[in-house]
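What follows is a short report on a single structure.
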Amino acid sequence: MPHPDHEKNRAAWNEMVGIHYDHPDYRTKEFLEGHSKLMPIERSALGDVRGKTLLHLMCQFGLDTLSWAREGAIVTGVDISDESIRRAEQLAREAKLSAMFVRSDVLDLIGVIDGQFDIVFQSYGTYMWISDIQKWGKVVGHYLKPGGVFFIADTHPARPMFYDPPISYFATSPDRATGVPDYCDRDYKIKNELVEWQHPLSEIINSLIDAGLTIEHLGEYNKMYYAEESDWVRGSDGYWTPPSGPTPYPLMFSLKARKR
Ligand SMILES: C[S@@+](CC[C@H](N)C(=O)[O-])C[C@H]1O[C@@H](n2cnc3c(N)ncnc32)[C@H](O)[C@@H]1O
């Protein structure tokens, strides 16, 4: 039985993905010219991926998935959005890269694809769309080979405490929004409802430990993977900070864990 709020997000992402695909911030054109979409944090954490199998959860239209494929990984991308998967498959054909893309809710993935992977990867705008982090951890653990690596880089769960108005670090009810601006094209107001959940870092870490993973590294950063406001400044490493300079609180975290 599909999760009703995840289905709302599916409709919203189906609405948004075309905007992102064509938006200069996503650099789809540059990717097709040979540029990689990967950022320094995940590159240095995962190193040489040649010949490794990689499962990318919540991959949108596959720019990062296909960037890993270009680095030599054998990739599978999963996303809940039909339009994301359609565009990911189209992008793989255009880029002449081999990849498998699967449409599924990440929480319903077990049984949809077979096998286990050397790497499970997730990045930049993902866990807040998941209603049940404990169940998500089980999916990650299920698809990792023993000794396999899970890596995530994303918004730090403390970040919403510094929004105006703030969101509690321990909020248990999801945040529901309609008519919010798209994060690339701020003139476009998203018609479908978006439902986001707040998950403390302890919840994320403990779900992975409970799923049989050992945490190897936790990173915290006062820079962001996108411009939260149009006046944010992009550094030479590709990450963004407010015009006033680095924040006194974390904007992103990263986590590397290994299946026992
Ligand atoms: C910010 S995007 C992906 C991040 C990637 N770094 C990017 O920008 O292309 C978030 C993605 O999560 C997907 N998503 C949201 N909820 C999901 C769910 N329950 N299961 C699988 N994918 C989901 C959306 O469809 C969207 O493509």
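The values are calculated or read from the model by the stated rules, or taken from the named source; none is laboratory data. Everything numeric in this text was worked out from a predicted model, so none of it was measured. Cβ atoms come from the backbone with ideal geometry, glycine included; neighbour counts cover every protein chain shown. SASA here: full protein model, heavy atoms, side chains in, ligands and nucleic acids out. Shrake-Rupley method; radii C 1.70, N 1.55, O 1.52, S 1.80 Å.
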Among the residues that make up the range 106-114, is at least one of them more than 23 Å from I133 (Cα to Cα) and open to solvent by 40 Å² or more (accessible area, probe 1.4 Å)? no
Six or more apart or on different chains, Cβ under 7 Å: which pairs go from a residue in the range 208-227 that's touching a residue at least 24 places away in the same chain (Cβ under 8 Å) to one that's open to solvent by 70 Å² or more (accessible area, probe 1.4 Å) and in a strand (DSSP E or B)? Could you list them? L213/R258; T214/R258; E216/R258
Quick one: which of D25, D48 is out of contact with any helix residue (DSSP H, G or I) (no Cβ under 7 Å at 6 or more places or on another chain), open to solvent by 20 Å² or more (accessible area, probe 1.4 Å) and in a helix (DSSP H, G or I)? D25
Is it the case that I133 is in contact with a helix residue (DSSP H, G or I) (Cβ under 7 Å, 6 or more places away or on another chain) and either loosely packed, with under 15 Cβ neighbours inside 10 Å or modelled with pLDDT under 95 (or both)? no
In the range 245-260, anything surrounded by fewer than 15 Cβ atoms within 10 Å (Cβ to Cβ) and at pLDDT 95 or above is listed as P248, Y249, R260
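Would you call R87 part of a helix (DSSP H, G or I), within 25 Å of V17 (Cα to Cα) and either within 14 Å of the ligand (Cβ to nearest atom) or small (G, A, S) (or both)?
Values: part of a helix (DSSP H, G or I): yes; within 25 Å of V17 (Cα to Cα): yes; either within 14 Å of the ligand (Cβ to nearest atom) or small (G, A, S) (or both): yes.
Considered against the rule, which asks whether it is part of a helix (DSSP H, G or I), within 25 Å of V17 (Cα to Cα) and either within 14 Å of the ligand (Cβ to nearest atom) or small (G, A, S) (or both), R87 comes out as yes.
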Which of the residues that make up the range 51-79 are of a type in the set (A, V, I, L, M, F, W, C), open to solvent by less than 30 Å² (accessible area, probe 1.4 Å) and near the ligand (Cβ under 8 Å from one of its atoms)? L57, C59, F61, L63, V78
Considering residues of the range 181-207 that are touching a residue at least 60 places away in the same chain (Cβ under 8 Å), open to solvent by less than 30 Å² (accessible area, probe 1.4 Å) and not hydrophobic (A, V, I, L, M, F, W, C) only, the residue farthest from H20 (Cα to Cα): S207
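Select from the range 95-118 the residues that are among the charged types (D, E, K, R) and in contact with a helix residue (DSSP H, G or I) (Cβ under 6 Å, 6 or more places away or on another chain) and write down the one among them that is farthest from the ligand (Cβ to nearest atom).
As a first pass, look at the range 95-118 and keep what is among the charged types (D, E, K, R): 96, 103, 105, 108, 114, 118.
Filter once more, keeping what is in contact with a helix residue (DSSP H, G or I) (Cβ under 6 Å, 6 or more places away or on another chain): 103, 105.
Details: R103: 9, D105: 4 Å.
The selected residue is R103.
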